[in-house]
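Presented below is the structure to which this report refers.
The values are calculated or read from the model by the stated rules, or taken from the named source; none is laboratory data. Source: prediction; values computed, not measured. Please note: Cβ atoms are built from the backbone with ideal geometry, for glycine as well, and neighbour counts cover all protein chains shown. What goes into the accessible areas is simple: the full protein's heavy atoms, side chains included, and nothing from ligands, DNA or RNA. Shrake-Rupley method; radii C 1.70, N 1.55, O 1.52, S 1.80 Å.
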Amino acid sequence: MGETYDSRGGRALPGADRFDAASRVGEGGAGTGTPEQAHGFPSPAQDYFHGGLDLNRLLVRDRASTFLMRVEGNGMAAAGISAGDEILVDRALTPQDRSVVVAILDGELTVRRWHVRPGTVVLATDDGAQVTRVGEDTELVLWGVVTRSLHRV
């Protein structure tokens, strides 16, 4: 009796007239058949998965007016913003009392807490080390409102 060989010259199992997917090794893994075929146990979480994780959709209100900035210094550590963190800044928002803002204060870009007091605005670090009352002699450009802090762990 002759032996059966497949088209690649490999020897088939005795009595087999062709190679079946379960006897192949090296084509997509042992016994997996062709690489295009999906095998294995389906994930129980697939019923809850509704697409990829989109951080723009989750964190950004308006893509055209939102920017990412890296922080230097620890003046806002009590607010959860430390040196090396990235903050999301929305330039379209109007600050409210106690908002964290990015401002150009006397020519220096800074992150401060925005306090509204009767007749004046105060910019301060959360640790109280730097407090600035905004008056006529203060050069202030409000750059945007901080909406999120991305902290490395």
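Across segment 81-124, what fraction of all alpha-carbon pairs, as a whole percent, falls in each successive 5 Å bin from zero upward?
Whole-percent P(r) values from 0 Å outward: 5, 20, 28, 28, 15, 4, 1.
Write down the Å³ per residue value for the convex hull defined by the alpha carbon atoms of segment 35-153.
Normalising the Cα hull of segment 35-153 by residue number yields 174 Å³.
Under 12 Å from the Cβ of Ala83, count the other residues' Cβ atoms, weight Lys and Arg +1, Asp and Glu -1, and hand me the total.
-1
Which three extents, in whole angstrom, do the alpha-carbon atoms of segment 83-153 cover along their principal axes, largest first?
Projected onto its principal axes, the Cα set of segment 83-153 covers 40, 27, 22 Å.
May I have the convex hull volume per residue, in Å³, for the Cα set of segment 50-109?
128 Å³
So what does His151 come to for accessible area, using a 1.4 Å probe and Å² rounded to 10?
Only protein atoms counted, so the area is about 110 Å².
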